[in-house]
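Peer 1: Structure provided below as structure tokens; questions to follow.
The values are calculated or read from the model by the stated rules, or taken from the named source; none is laboratory data. As the structure is a prediction and not an experimental result, all values here were calculated from the model. Here the Cβ positions follow ideal geometry from the backbone for every residue, glycine too, while neighbour counts run over all protein chains shown. The area values use the complete protein model at the heavy-atom level, side chains included, leaving out ligands, DNA and RNA. Shrake-Rupley method; radii C 1.70, N 1.55, O 1.52, S 1.80 Å.
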Amino acid sequence: MRITLVPLVLSLVVLCVPVLCDKEESPTLHPEPPTETWPRFAPLDDVRLLANNLLQLGQSMREFAQKTKGQMNSIFQKLNIFDRSFYRLSALAGELKEDEEELKKTTVILRADNEVVKDLSGSISSKMESLLQEKSRLQNKVDGLEEKVSRLTLGLPLAEISSLRDVIKSQEQSISELLKAVAEQSEQLDQQKLKIKTLEKKLTASVRAQETSDKTPESSNSEAPTLPPFLTSGSSSITSIKLASDCSELFLRGERASDVYAVQPNGSERFMAFCDMSREPGATVIQRRTEGSLTFDQPWEKYENGFGNLQTGFWFGLRKIHSLASRGDAILQIQLEDWKQNKRFAQYRFHLDGPESNYTIHLTHLSGNLTDPMSNHTGVGFSTRDRYSSHQQETKCAQQKSGGWWFNPCGDFNPNGRYFNTRRSQRRRGIQWRSGQKVFSLRFTQISITFPTSASSESRASR
């Protein structure tokens with residue numbers, strides 16, 4: 001903003017000069033001729049010039065005030081956006097801190113277990129060394145005995161020679177048994193190391209996510225988290241271990257804790273799965289719901305790859321379910337519990353087609369105290385709100401009931417529908433199971449895949 005001040009100063013000088021001249025009177029003793037006097041008022045041109053300059057100054061001040069007001073409004077808008085983002089980040093940081101505390105507790109426990117494992121590994125290593133030394137001594141003795149036998153064959157009876165051979169065979173058998181036990185201990189140690197490394201990676205990822213959220217303001221994402229579809233095959237900590245094909249095989253190997261494990265079905269990639277080891281022969285959980293924080297009203301891509309948290313509520317993913325069921329002899333287990341703590345279950349012989357047929361399901365009812373809730377679902381493709389199977393082109397049950405499922409046409413059972421856990425009237429509109437005219441609102445659902453014990457043992461023996 002440029003303001004011309006020279007004319008203003010000149011005008012003020014012109015106005016002030018006559019006044020000064022009036023006030024200053026030089027004392028004289030003798031009368032002098034009258035001098036020329038200045039006018040008492042400034043010329044009209046100077047007044048106009050001064051008025052124009054004042055108008056320009058006022059216009060410039062008005063423009064400056066308007067620009068300043070616009071800039072202040074923009075700054076206030078940005079501050080409001082920042083406040084909202086900061087509030088969301090604070091909530092997200094609180095959740096991350098809670099997860100971090102849990103992971104730290106688990107890490108402390110695992111580190112203690114790791115120390116025990118290290119001590120056990122040291123004792124096993126010392127036992128291995130002693131066994132190898134004992135084996136070398138026995139081998140030397142065997143060599144010496146062979147020489148003696150070769151020298152005394154002509155003089156010794158056959159009974160003594162056969163007894164010496166039996167002693168040698170028994171010693172070799174005991175050594176092989178000890179080596180086998182050591183190999184099993186080493187395999188268990190490798191599995192413990194894998195669990196420790198997995199939890200350490202989770203803790204590191206949580207800390208990094210918290211640091212990133214503290215530094216960079218980003219808006220929160222309300223979509224359901226996608227489960228990691230597969231583990232990288234290049235991980236040295238996993239490729240060194242021969243993974244089980246499913247949770248039933250882990251049960252046969254001696255695992256009894258219900259937790260997240262790495263599995264690898266035949267002909268597929270490795271991935272993490274939650275194993276329910278509460279009853280024999282162990283089951284791979286593909287769906288679980290205990291509360292309503294996670295929405296199951298997701299598109300086709302989420303249902304194909306999986307979403308949620310394996311420790312709480314999740315959908316496993318159609319691709320991974322298909323890779324598990326392609327092994328053959330799969331059994332689908334459905335466990336339900338209503339709000340009155342009544343528990344029911346059903347079992348089916350189970351097979352799932354591939355993505356080219358929208359993962360068409362094939363079921364044969366086996367047993368259970370639950371009235372067959374999926375009697376009309378066999379031979380039906382999977383549907384979501386953005387993709388319908390051939391049975392759902394007209395009814396579109398995925399939009400009417402929300403969530404993805406094998407609808408035919410809309411069925412009496414949809415465990416992936418809305419979850420209401422507040423008023424009793426809302427519960428009857430949530431996930432439910434119909435039996436005739438009765439409707440049972442559900443509080444808990446779990447769907448899992450298991451395999452007969454004989455089939456699991458044969459599969460393990462064939463490897």
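Peer 1: Would you confirm whether or not region 115-133 contains a residue that is under 30 Å from THR312 (Cα atoms), in contact (Cβ under 8 Å) with a residue 12 or more places away in the chain, assigned to a helix (DSSP H, G or I) and open to solvent by less than 100 Å² (accessible area, probe 1.4 Å)?
Peer 2: Within region 115-133 (the criterion being under 30 Å from THR312 (Cα atoms), in contact (Cβ under 8 Å) with a residue 12 or more places away in the chain, assigned to a helix (DSSP H, G or I) and open to solvent by less than 100 Å² (accessible area, probe 1.4 Å)), the answer is yes, since at least one residue qualifies.
Peer 1: Against the conditions (1) open to solvent by less than 30 Å² (accessible area, probe 1.4 Å); (2) at pLDDT below 70; (3) β-branched (Val, Ile, Thr), where does THR395 fall short? Just the number, please.
Peer 2: That leaves (1) as the condition not met.
Peer 1: Given the criteria closer than 15 Å to SER448 by Cα, touching a residue at least 60 places away in the same chain (Cβ under 8 Å) and open to solvent by 30 Å² or more (accessible area, probe 1.4 Å), does GLN335 qualify?
Peer 2: When the stated conditions are applied, GLN335 passes them.
Peer 1: Check ALA65 against each of (1) open to solvent by less than 70 Å² (accessible area, probe 1.4 Å); (2) under 50 Å from the mean Cα position of the chain (by Cα); (3) at pLDDT 90 or above and name the one condition it does not meet.
Peer 2: (2)
Peer 1: Here's a follow-up. Determine whether ALA283 is at pLDDT 90 or above and under 25 Å from GLN341 (Cα atoms).
Peer 2: yes
Here's the yes/no breakdown for (1) surrounded by fewer than 16 Cβ atoms within 10 Å (Cβ to Cβ); (2) more than 29 Å from ARG279 (Cβ to Cβ):
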position	(1), (2)
HIS351	no, no
TYR359	no, no
LEU363	no, no
GLY368	no, no
GLY379	yes, yes
SER383	no, yes
ARG387	no, yes
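Peer 1: Now, a different point. Go through region 102-151 and give me each residue that's small (Gly, Ala, Ser) and within 21 Å of LYS169 (Cα to Cα).
Peer 2: Those that are small (Gly, Ala, Ser) and within 21 Å of LYS169 (Cα to Cα): SER130, SER136, GLY144, SER150.
Peer 1: Looking for something open to solvent by 70 Å² or more (accessible area, probe 1.4 Å) and closer than 30 Å to LYS193 by Cβ - is there at least one such residue anywhere in region 71-79?
Peer 2: no
Peer 1: Kindly indicate whether any position in region 96-114 is more than 30 Å from GLN185 (Cβ to Cβ), of a type in the set (Val, Ile, Thr) and free of Cβ contacts under 8 Å to residues at least 12 places away in the same chain.
Peer 2: No, there is no match, as no residue in region 96-114 is more than 30 Å from GLN185 (Cβ to Cβ), of a type in the set (Val, Ile, Thr) and free of Cβ contacts under 8 Å to residues at least 12 places away in the same chain.
Peer 1: With charged (D, E, K, R) and closer than 30 Å to SER402 by Cα as the only criterion, which of GLU291, GLU249 stands out?
Peer 2: GLU291
Peer 1: What are the pairs, 6+ residues apart or on separate chains, where a residue within region 147-175 that is at negative phi and modelled with pLDDT of 70 or more has its Cβ under 8 Å from a residue that is exposed (fewer than 10 other Cβ atoms within 10 Å of the Cβ) and part of a helix (DSSP H, G or I)?
Peer 2: So the pair list comes out empty.
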